[in-house]
Structure formats: structure tokens, C-alpha cells
Amino acid sequence: MAKFDRKEVYRWAKLAASLGFLLADRKLRKDVAKRVRSRVGDASEALYDRYEDTVDRIESAAGVLRGQTHWPSRVGAFLVGVGIGTGLGLVLAPTSGSETRDAIRDKTIDFKNRAVRSASDVASKIRSASDMPATGTEI
């Protein structure tokens, strides 16, 4: 059996007596109980939130492992947002409708010309690379 030092026993007894006197006061006891309930409730809510977050992450990871991803819906939402933004831009544009349409047409034609030019540059580079002599040694 463990031996207790007299001072240690005295300190524990003093602590127990102090707590007994404190909890004997009805108002103080109710306040302590209220605080304990509040803290337990807060901890319980935080624990529940963490649990829900963990479950959501595990379900998401399991869906990815099964090949179920939700990126098409996100891309679709992005494209819908772009469409709405374009529509609002056209409606709220400071120029008239015909000027806005002309500007859009000009930008579209310019973009198409740049894309065609870029594609032809890539095609010519590929052709010139295939016309180059082979490197290395021939047997």
C-alpha cells in the first residue's frame, strides 16, 4: 500500500473541504452546474461538427475511389455563370445593342483568325520537323 505524506493528505483534505463549502452554496452550485452544462454542450457540438466533416470527407474519398466525381456539375455551373455574366454584360453595356453586337462579332473574328494562324504555324512546324533528316547512325 502506498504511503502518504502528512502534508499531502492535509492538502487533499483542505481541497475537499473547500470544494464542499463552495458547492454547499446553492447559487454558486447552480452557476457551476450551468457552466459545466454549457461547456459540455459546446464540446458536444464541436465534436459532432468534426464527426460530420470527417464522414463527408470519407464519403467523398470513397466516391473518388469508385470513379464517381462531381467535376462535370462544377464545370456546368461555371459555364452557366459565364453565360449569365455575358448576358448581364450585354444588357448593362454602356453602348447600344448594334454597337455591342459589332464589337462582339469583331472580337470573335479576330479570335478565330488568331486560332487559325496559330494552328497553321503548328502544322508548318510539324511539316518542317518531318522533312528534317533523321539523326543518329544508320546501319
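The values are calculated or read from the model by the stated rules, or taken from the named source; none is laboratory data. Predicted model, so just to flag it, every value in this text is computed and none were measured. Ideal geometry is used to build each Cβ from the backbone, glycine not excepted, and the neighbour counts take in all protein chains shown.
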So Leu65 fits all but one of (1) surrounded by fewer than 10 Cβ atoms within 10 Å (Cβ to Cβ); (2) closer than 30 Å to Arg101 by Cα; what number is the exception? (2)
From the set of residues in the stretch 103-139 that are among the polar types (S, T, N, Q) and outside any helix (DSSP H, G or I), which is modelled with the lowest pLDDT? Thr137
Any idea which of Thr95, Thr100 is surrounded by 10 or more Cβ atoms within 10 Å (Cβ to Cβ), among the hydroxyl-bearing types (Ser, Thr, Tyr) and either assigned to a helix (DSSP H, G or I) or touching a residue at least 60 places away in the same chain (Cβ under 8 Å) (or both)? Thr100
For the stretch 1-60: of the residues being of a type in the set (Phe, Trp, Tyr) and part of a helix (DSSP H, G or I), which is nearest to the chain's Cα centre (by Cα)? Tyr51
